[in-house]
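Enquirer: One structure is given below, represented as structure tokens, and several questions about it will come after.
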Amino acid sequence: MAEPTEPPKEPSEPPAAGRGGAKRRKRRRRKPSAAKAAQAASVTGEPTGAKTPPPTGAERRARRRKGGPRGPRIPTTKEVSAGGVVYRRDGERIDVVLASRRTRRGELAWGLAKGGIEEGETKEDAAIREVREETGLTAEIEADLGDTKYMYVWEDVRIRKTVHFFLMRHTGGDVDDRDDEMEEVRWFPLERATKRAAYRGERDMLLRAAELLR
């Protein structure tokens, strides 16, 4: 706590006569005025009068609460999907497939083929089926790339999504046989595809595929 400023010292008194020689009077330290004490308290945040009782549990909770009362909770659900990084080799060059679709904002987003796992279907079977439906291509699984997780809100429902991805080698098919929801399907050089993919989780999958293919 900052101490109140002392009043300026007064000039020395003349020596008092008496036995034992001259003596100096003891100067009395003045107590700080109420105004100065209040000013010091305003700086340190300490009370100037009686002690304030500690806050109750309800008061502490009220202080911690920010942003006012909470609204109704959004329902949450989980979804699991599967997809693939489909590649082909041409000498030392490696190309991978990306498919584009429109977002809710109308923007064109490039990404990997993926979709929900149907009842009774394994994640491997789902990945092969989704690649065939969204790109028109057939492919074989060569390695498990792991999964990516993210969350989004759709029609007032919070969705926690997990997508399993596989490295898949292209074996045939035609991109013209894809689903109508995909605007375009195109082969990209691997490095370019990593930069072109719209979502960070899918870019991570492309980087993992690059590590396995080189």
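Any read-out appearing in this document is the output of simple, stated calculations on the displayed coordinates, not a laboratory observation. It should be emphasised that the depicted structure is a prediction, and the values quoted were computed from it without experimental measurement. Cβ atoms come from the backbone with ideal geometry, glycine included; neighbour counts cover every protein chain shown.
Enquirer: Which residues in segment 128-160 have a backbone N closer than 18 Å to a point placed 7 Å from the Cα of D174 along the Cα-to-Cβ line?
Expert: 132-139
Enquirer: Taking the Cα-to-Cβ direction at A143 and at R129 and moving 7 Å from each Cα, how far apart do the two end points lie in nm?
Expert: According to this spin-label approximation, the distance is 2.7 nm.
Enquirer: Go through segment 92-100 residue by residue and turn each phi into a ³J(HN,Hα) via Karplus (6.51, -1.76, 1.60, θ = phi - 60°); whole Hz please, and just put x for glycine and proline.
Expert: Values, residue by residue: 8, 7, 10, 10, 10, 9, 10, 10, 10 Hz.
Enquirer: Between E191 and L108, 0.36 nm times their residue separation minus their Cα-Cα distance comes to what?
Expert: Roughly 27.9 nm would be gained on extension.
Enquirer: To continue, here is another question. Counting Lys +1, Arg +1, Asp -1, Glu -1, what net charge surrounds E107 among other residues with beta carbon under 12 Å of its beta carbon?
Expert: +3
Enquirer: Return the long-range amide H neighbours of E183 (sequence gap of 5 or more, or a different chain), with a cut-off of under 5 Å between placed amide H atoms.
Expert: S100, R101, R102
Enquirer: I've got another one for you. Over its Cα atoms, what ratio of radius of gyration to 2.2 N^0.38 Å does segment 76-213 give?
Expert: 1.00
Enquirer: Under the Karplus relation 6.51 cos²θ - 1.76 cosθ + 1.60, θ = phi - 60°, what is the ordered set of whole-Hz ³J(HN,Hα) values for segment 82-87, x standing for Gly and Pro?
Expert: After applying 6.51 cos²θ - 1.76 cosθ + 1.60, I find 8, x, x, 9, 8, 10 Hz.
Enquirer: With Cβ to Cβ distances under 15 Å as the rule, what net charge do the other residues near D144 carry (K, R +1; D, E -1)?
Expert: Spelling it out: positives minus negatives among the neighbours equals -3.
Enquirer: Give a quick list of GluC sites (Glu not before Pro) in segment 84-132 that DSSP marks as loop, anything other than H, G, I, E or B, with at most 14 other Cβ atoms within 10 Å.
Expert: Answer by residue number: E92, E107, E118, E119, E121.
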